1. Please tell me if Glu44 is at pLDDT below 70, assigned to a helix (DSSP H, G or I), in contact with a Gly (Cβ under 7 Å, 6 or more places away or on another chain) and over 30 Å from Ile129 (Cβ atoms).
2. Can you pull out the residues in the range 232-253 that are out of contact with any strand residue (DSSP E or B) (no Cβ under 7 Å at 6 or more places or on another chain) and part of a loop (DSSP other than H, G, I, E, B)?
3. Does Gln308 meet the test of being out of contact with any Gly (no Cβ under 9 Å at 6 or more places or on another chain), modelled with pLDDT of 90 or more and crowded, with 19+ Cβ neighbours inside 10 Å?
4. Quickly run through the range 218-231 and pick out the residues that are assigned to a strand (DSSP E or B) and surrounded by fewer than 16 Cβ atoms within 10 Å (Cβ to Cβ).
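The values are calculated or read from the model by the stated rules, or taken from the named source; none is laboratory data. As the structure is a prediction and not an experimental result, all values here were calculated from the model. Cβ sites come from the backbone with ideal geometry, for glycine too, and all protein chains shown count toward neighbours.
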Amino acid sequence: MSENSSGKVHALYIVLILGLIGGLIFTNVKLRKSKTDIETVSGERDNKEKLLKDLQVEYDRTSTDLTNAKAENLSLDSIIQVKQRELDEKKNYIAQIISQSNGSKSELAKARKLIDELTAERVKFQAQIDSLVAVNKQLEYEKIVLTEEKTSLSASLNEEKQIRTQVEAESAAKQAKIDKASILSAVNIKLSGISINKKGNEVEETKAKNVDKIKLCFDLLENKIAPSGEVDIAVRIVGPGGSTISNQALGSGALTKENGEEVQYTYKMRPSYDNVTKKVCSLWDDGGAISAGSYSVEVYQKGVLIGQGSLTLK
């Protein structure tokens, strides 16, 4: 082979080797770029997944707080429902931003900011609910008008007026329960026929023809909630014919029972009461004849039946 031919072969080898080296370099660069692209896509996916996870965690926390607030105070149910709807809307909006994001830092930063705002709202709302529950518990023990300091829980809570109204309604209802709890109980009720002997002493009788008056005795039980002083008690005596014995000239009248029914009462008595069990008695005498048969008596305070008794005269 001539030197000229040998040189051409060497030149061809060099060209082939350079081409091979160039191809390897190109392939390596392309692989590096692909790896970088994969890492970028993977990083974006990880960022999205982390944001979605953080969003779900914050949503669950806020939803749990709303459920707990409702359990502590059922009167806040309507407001809690509104807040829950707002929470669902915000979650869906943020999740949409994350899912549709092309991975740009600005879009992911916007989603992160919205999640942080959701966290801040949860903390703020929980503080407001805690304050409202504290006020409501205080209203259970004392009947007072909420002061300006207690009512200005938060200017940013648009539903404050509605909540305050509901709390006051609950307080009124609880006060009504306290009033009902202050009603006394009458026990050991004894209805008897009485005659007066020559010495002016009372004699208990079982025969109607010997009876001059009807006597009622009972014990008013201790009730520390009830106020001391005179107690207004209505006595209803029903005769053998099933009608209320009454005489308006002697104080008979009408009362309204708990269920709204109006009934006649025979007379009223106002015994003094000082929060300890006390025996009280009263007499009824309208000057008329006492008939034989069964009598019943009902004792009322503020329209509430607090005791019953009966008597049979021969």
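1. Yes: the conditions hold for Glu44.
2. Scanning the range 232-253 gives Gly241, Gly242, Ser243, Asn247.
3. Taking the combined requirement at face value, the residue does not satisfy it.
4. Gly229, Glu230, listed by residue number.
Conditions (1) more than 60 Å from the chain's Cα centre (by Cα); (2) at pLDDT 65 or above, marked per residue:
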residue: Tyr13; (1), (2): yes, yes
residue: Thr40; (1), (2): no, no
residue: Ser63; (1), (2): no, yes
residue: Leu66; (1), (2): no, yes
residue: Ile79; (1), (2): no, yes
residue: Ile98; (1), (2): no, yes
residue: Ala111; (1), (2): no, yes
